Amino acid sequence: MDNQKIPKPTIKRLAVYHRCLENMLFSGKASVSSKDIADQLGIKASQVRKDLSYFGEFGRRGVGYNTQQLLDSVSDILGMRKVWNVCIVGMGNLGMALATYPGLGRSGFFIRALLDNNPNKIGIPIPNDLSIEPISVLKSVVKERAINMGVITVPAEVAQETADALVDAGVQGIVNFAPVRLNLPDSVNVEEIDISVSFRSLAFSISLHSGRRRRE
């Protein structure tokens, strides 16, 4: 499987399929079809089949998929059977919220370090036996705790500097919540998350729907 040929939207949809399959399995659905998944998510069944086809053959035409087996396969594809060690840099409100969010651990992403450059925050205890550490120890922390991923929740003006420090420390991937696009080596995978974009997209959809209703 060549990751370079798999569209990024497909990977994002796979994560949504995983959550959907978990819910279906929990509800007692032992087998599912692409149409079942598509109906749950409001997309086309052909899109589900196309996304899955990048990774091989699943199920049988006219029969569908074994829910548990498909969930296991998607988990393997997404690397969810591995343990991922994560550090968060920037312990403001967002960083704190992520540090205490239990859903990450349940998905295999374990917060191993919390870092900030504000001396007033250093040493503050956080649940899960963590405390905020100075960013000056970033490099040693990444090495000693085998950290794979870094999460950036710092202001935009220091995001690139923070990302460079994470790369230099040896992380393999970064989730960036700062509202700025990072310039990093191709060897480092980056997920850019701008929360305001989702709000703007939603606002557009609401405005468009409201405009249609007024015209009707």
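Among the residues of the range 187-211, which ones are open to solvent by 100 Å² or more (accessible area, probe 1.4 Å) and modelled with pLDDT of 90 or more?
Across the range 187-211, the qualifying residue is only Asn189.
For Ala146, all conditions in the list (1) outside any helix (DSSP H, G or I); (2) open to solvent by 50 Å² or more (accessible area, probe 1.4 Å); (3) without any contact (Cβ under 8 Å) to a residue 60 or more places away in the chain hold save one; what is the number of the exception?
Failed condition: (3).
Among the residues of the range 115-126 satisfying the criterion of being under 23 Å from Asp168 (Cα atoms) and in contact with a helix residue (DSSP H, G or I) (Cβ under 9 Å, 6 or more places away or on another chain), which is least open to solvent (accessible area, probe 1.4 Å)?
Leu115
Conditions: (1) open to solvent by 70 Å² or more (accessible area, probe 1.4 Å); (2) farther than 23 Å from Asn117 by Cβ. Asp164 meets all but one. Number of the miss?
Among (1) open to solvent by 70 Å² or more (accessible area, probe 1.4 Å); (2) farther than 23 Å from Asn117 by Cβ, the lone unmet condition for Asp164 is (2).
If Leu70 satisfies all but one of (1) over 28 Å from Ala163 (Cβ atoms); (2) among the hydrophobic types (A, V, I, L, M, F, W, C); (3) open to solvent by 80 Å² or more (accessible area, probe 1.4 Å), what's the number of the condition it fails?
Just one mismatch for Leu70, condition (3).
Name every residue in the range 79-109 that is crowded, with 16+ Cβ neighbours inside 10 Å and in contact with a helix residue (DSSP H, G or I) (Cβ under 6 Å, 6 or more places away or on another chain), in order of residue number.
Hits for the range 79-109 are Ile88, Val89.
I need the full set of residues from the range 30-54 which are among the hydroxyl-bearing types (Ser, Thr, Tyr) and either touching an Asp or Glu at 6+ places or on another chain (Cβ under 6 Å) or closer than 15 Å to His18 by Cα (or both), in order please.
If the condition is that a residue be among the hydroxyl-bearing types (Ser, Thr, Tyr) and either touching an Asp or Glu at 6+ places or on another chain (Cβ under 6 Å) or closer than 15 Å to His18 by Cα (or both), then Ser31, Ser33, Ser34 are the ones that fit.
Among (1) part of a loop (DSSP other than H, G, I, E, B); (2) closer than 30 Å to Pro155 by Cβ; (3) at pLDDT below 95, where does Pro119 come up short?
Unmet for Pro119, out of (1) part of a loop (DSSP other than H, G, I, E, B); (2) closer than 30 Å to Pro155 by Cβ; (3) at pLDDT below 95: (3).
Considering only the range 154-161, I want to know if a residue exists there that is in contact (Cβ under 8 Å) with a residue 12 or more places away in the chain, within 19 Å of the chain's Cα centre (by Cα) and under 15 Å from Leu98 (Cβ atoms).
yes
For the range 162-197, give me the residue count where each residue is in a helix (DSSP H, G or I) and over 15 Å from the mean Cα position of the chain (by Cα).
10
Quick check: anything in the range 127-135 in contact with a Ser or Thr (Cβ under 6 Å, 6 or more places away or on another chain) and open to solvent by 30 Å² or more (accessible area, probe 1.4 Å)?
yes
The values are calculated or read from the model by the stated rules, or taken from the named source; none is laboratory data. From a predicted model like this one, the values you see are computed outputs, not experimental measurements. Glycine gets a Cβ as well: all are built from the backbone with ideal geometry, and neighbour counts include every protein chain shown. Side chains included, ligands, DNA and RNA excluded: accessible areas come from the protein's heavy atoms. Shrake-Rupley method; radii C 1.70, N 1.55, O 1.52, S 1.80 Å.
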